Number of protein chains: 2
Amino acid sequence: MQGNRENSKGSHNEESVSTEFGCRRAQGPDGALSGSKYSFCGCDFTSNVYASYLYDIPILGTMSHSFISSFHNTEKLISNLLDNHDFVSIINKNKNIVHKLYDCKYTNESELIAFSAFAQINPKNFICLIDTYDTLKSGIYNFLIVALSLYEINYKPIGIRIDSGDLRSLTNECKNIFNDISQKLNVPFNQLKICVSNDINQKIINYLNEEQNHIDIFAIGTNLITCQSQPSLGLVYKLVQINNAPCFKMTNENKKSNLPYQKNVYRIYTDQQFATLDYIQLYNEQPPILNQQTISINIHDEWKQTIIIPKKIEQKLCLIWKYGKSLITFKNIYDLKKYTQSEINNFKNEHFKTVSPVPYPVLFSDTYHKVYKDLLIKNSHINQ
Amino acid sequence: MQGNRENSKGSHNEESVSTEFGCRRAQGPDGALSGSKYSFCGCDFTSNVYASYLYDIPILGTMSHSFISSFHNTEKLISNLLDNHDFVSIINKNKNIVHKLYDCKYTNESELIAFSAFAQINPKNFICLIDTYDTLKSGIYNFLIVALSLYEINYKPIGIRIDSGDLRSLTNECKNIFNDISQKLNVPFNQLKICVSNDINQKIINYLNEEQNHIDIFAIGTNLITCQSQPSLGLVYKLVQINNAPCFKMTNENKKSNLPYQKNVYRIYTDQQFATLDYIQLYNEQPPILNQQTISINIHDEWKQTIIIPKKIEQKLCLIWKYGKSLITFKNIYDLKKYTQSEINNFKNEHFKTVSPVPYPVLFSDTYHKVYKDLLIKNSHINQ
């Protein structure tokens, strides 16, 4: 989600979208399904066919390298036809055209046969993986030959995917060729989509976006379905109160202590645009009031005080389970996507920087600070 | 698996075992089940109750911090009894004994009540999490009180788990106390087990094993179920041959190329103890012969030649699927564990070092090298 936001905010190509391609690297079938489902909050497509079926997420995919390398120069296509057209003749004619326009002496003939076979079964979803042999010396020209042939019989080819090499220079070169052939042959190939894959992560997206690029689709697999930097969700849940008594867990490590007592959480805006801080108080305290001075305290950092005047207040903590019954209705993934993206927009960009992000402040009420401190003193003998 | 091996080879405590504790951090329910199942190859227990039920893996667990922090000084136990004994009276008697032997002025009374309640429902599986308040000032003494009480009525307490703090010094201190009370009260508490958890990984195990320690059980969770250093399995599978023709995938990146043609793989030993190299040749080549010179070649590193004389040869590649049917019977996890551990023992320790491990050599036959080189030259024009 953050990746997508950074991408859409920092990109030179404002239209670029991302698609989830992680299925084969997921931890088991339901790991893949969960990954596909929740990555829809930030992505626009999935390559996971079953997730698309279950959750109605738009699907996007291409062919595999093995599909292409299973073809050899020697065999013929099963049929020459596409619909009622002699597709092979049309391809041969367009092959002559493309070979006259560009330097095609190194194109791989078996790749052209593979693309042709793929077009025959997927004329409406023609997106080719063009780096099996050589992106700029073979794949791009074989794609053009078949794409021109489809266009000639009124299909709309979608585009290309590149899965290796220097994605920035390769995609820029492909875009130049698309623009060039559009002019030369008067075809709308400047609108063809360019998709990149190959271990795409935040760092690579940042690198690609540093300069002009024409990437339309980032296909993100391994780094989305199995996070490199945080492979497990590093959160804890702790018992904080039972039968009206606070539960305090001290331990020998500060970060594994808990925050005792039942609490309320408010997100406070000191202007109308961006969230300023999250404010935690005891459950039965008077909530913060609009336009009135509120003292907030950092209980973990020498009890620093901050005085704030809320201009907007959102209650953030809600009861989900009560006596074994769920009190909320879960959003469907389309509402979840909308909600997630609107929530992210409430935060300043500085919190999303990949290098030295500014931590979002979480502060406490004066009253909570007092009862917390009391409890700490009461239990402190054991930490002497 | 490697962790376990390193652990058992380098440890000062040769008897230590490991247990899989990762369920709550796994990627979904079947991610947890797969993790529990396959980690049994290296671990001896699981905390995953359903995996234990399905795969018959021995189970090991303790209580949660929330169980302990749900008790307060104020309440009483529901019953004073364990079997027909007045358990609370026995505990009070042993409390006096322990408080006279050790400095117990900071012990937490609610923790003692929690351990007592736990003993009442788990007298045969009494293993206590002793770091909720303070390991050495509270947890260890409360454990001793209840453990002595159980021992008195003929139950065998199992031991302790520590989940925070400096695990080396804390466990050494606890072992001293166990040895001390064994002598003073003539009880076999020097045999009590000491289990540690808290983000245990290879590095922490190495650190703990650098000096004397008395850790019996390493409980490994997050770092086993979600690997920090390689959260996805970084392998590729590629089409290598179809209809007797080789499939060659070049790409703009060397590491994403494939090794064409159907092949055979042999593990070769030049002595009887450790595997020397894996040797790959074409499927229809004459296999290497015992005690006869064999030339093996590194096709990726300037075609270096190595001459070897095999003393033992194992065929390693086997056909698993044929026309949609599985040709093998999968081992059960006990056989898999035995097989994995015996396979690991066939390799030199140098390949398992966590710092600068020596790569295990994978070399090729002269014939395979020739056909690979031919294919490379035939396709090399597209990489010019």
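Bear in mind that the values in this text are calculations on the coordinates, not laboratory data. Note that this is a predicted model, so its numbers are computed, not measured. As a convention, Cβ positions derive from the backbone with ideal geometry for all residues, glycine included, and neighbour counts pool all protein chains shown.
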Margin query: Give me the net charge for the shell around residue A:363: Cβ to Cβ below 11 angstrom, other residues only, Lys and Arg +1, Asp and Glu -1.
Written below: -2
Note to self: Which one, B:369, B:206, B:115, is farthest towards the positive end of the dipole of the protein assembly as shown when Lys and Arg carry +1 and Asp and Glu -1 on their Cβ?
What the structure shows: B:115
Note to self: How large is the Kirkwood hydrodynamic radius of segment B:80-209, counting all unique pairs of alpha carbons, in Å?
What the structure shows: 14.9 Å
Margin query: Ratio of alpha-carbon Rg to the 2.2 N^0.38 Å globular estimate for chain A, to two decimals, please.
Written below: 1.33
Check: Can you give the helix-only mean residue ellipticity at 222 nm for the protein assembly as shown, where every DSSP H stretch with n ≥ 4 adds -39500 (n - 2.57) and the sum goes over all residues, rounded to the nearest 500 deg cm²/dmol?
Finding: -10500 deg cm²/dmol
Check: Using the scaling law 2.2 N^0.38 Å as the reference, what is the normalised Cα Rg of segment A:241-379?
Finding: 1.18
Next item on the list: Rank A:81, A:36, A:54 by how far each Cα sits towards the positive end of the charge dipole of segment A:1-144 (+1 on Lys, Arg Cβ; -1 on Asp, Glu Cβ) and give me just the farthest.
Entry: A:81
Next item on the list: Note the direction-averaged projected area, equal to a quarter of the hull surface, for the Cα convex hull of the protein assembly as shown, in nm².
Entry: 40.7 nm²
Margin query: Give me the net charge for the shell around residue A:101: Cβ to Cβ below 12 angstrom, other residues only, Lys and Arg +1, Asp and Glu -1.
Written below: +1
Notebook entry, point to check: Of the beta bridges DSSP finds with both residues in chain B, what % are antiparallel, to the nearest 5?
Noted result: 55 percent
Item checked: Nearest 10 degrees, 0 to 90: helix B:29-39 Cα axis against chain B principal axis -> 80 degrees
Item checked: Phi-based couplings in Hz for segment B:272-277 (Karplus 6.51, -1.76, 1.60; Gly and Pro marked x) -> 7, 9, 10, 5, 9, 6
Check: residue A:271: net charge of surrounding residues, Cβ under 10 Å, Lys/Arg +1, Asp/Glu -1, itself excluded?
Finding: +2
Notebook entry, point to check: Given the C-alpha centroids of segment B:327-384 and segment B:151-172, what is the distance between them in whole angstrom?
Noted result: 43 Å
Check: What are the residues whose amide H is under 5 Å from the amide H of residue B:129, where those residues sit 5 or more places off or on another chain and H is modelled from the backbone?
Finding: B:63, B:161
Next item on the list: Kindly provide the GluC sites (Glu not before Pro) of segment A:302-384 that DSSP labels as loop, not H, G, I, E or B, and whose Cβ sees at most 15 other Cβ atoms within 10 Å.
Entry: A:302
Item checked: Cα-centred dipole magnitude for segment B:17-226, charges only on beta-carbon of K, R (+1) and D, E (-1), debye, nearest 20 -> 240 debye
Note to self: Taking each residue in A:68-75, count the Cβ atoms of any other chain within 10 Å of its Cβ, then average. What number comes out?
What the structure shows: 4
Note to self: Compute the distance from the alpha-carbon center of segment A:26-103 to that of segment B:258-306, in whole Å.
What the structure shows: 37 Å
Item checked: Loop-located trypsin sites (Lys or Arg not before Pro) in segment B:93-127 whose Cβ has at most 10 other Cβ within 10 Å (DSSP) -> B:105, B:124
Next item on the list: Mind checking segment B:206-297 for GluC sites (Glu not before Pro) that DSSP puts in a loop (not H, G, I, E or B) and that have at most 12 other Cβ atoms within 10 Å?
Entry: B:210, B:211
Next item on the list: Would you grab the residues whose amide H sits under 5 Å from the one on residue B:312? Only those 5+ places off in sequence or on another chain, please, with H modelled 1.01 Å from N.
Entry: B:269
Notebook entry, point to check: Which one of A:149, A:305, A:181 is farthest out on the positive end of the charge dipole of chain A, using unit charges on Cβ (Lys, Arg +1; Asp, Glu -1) and the Cα centre as origin?
Noted result: A:305
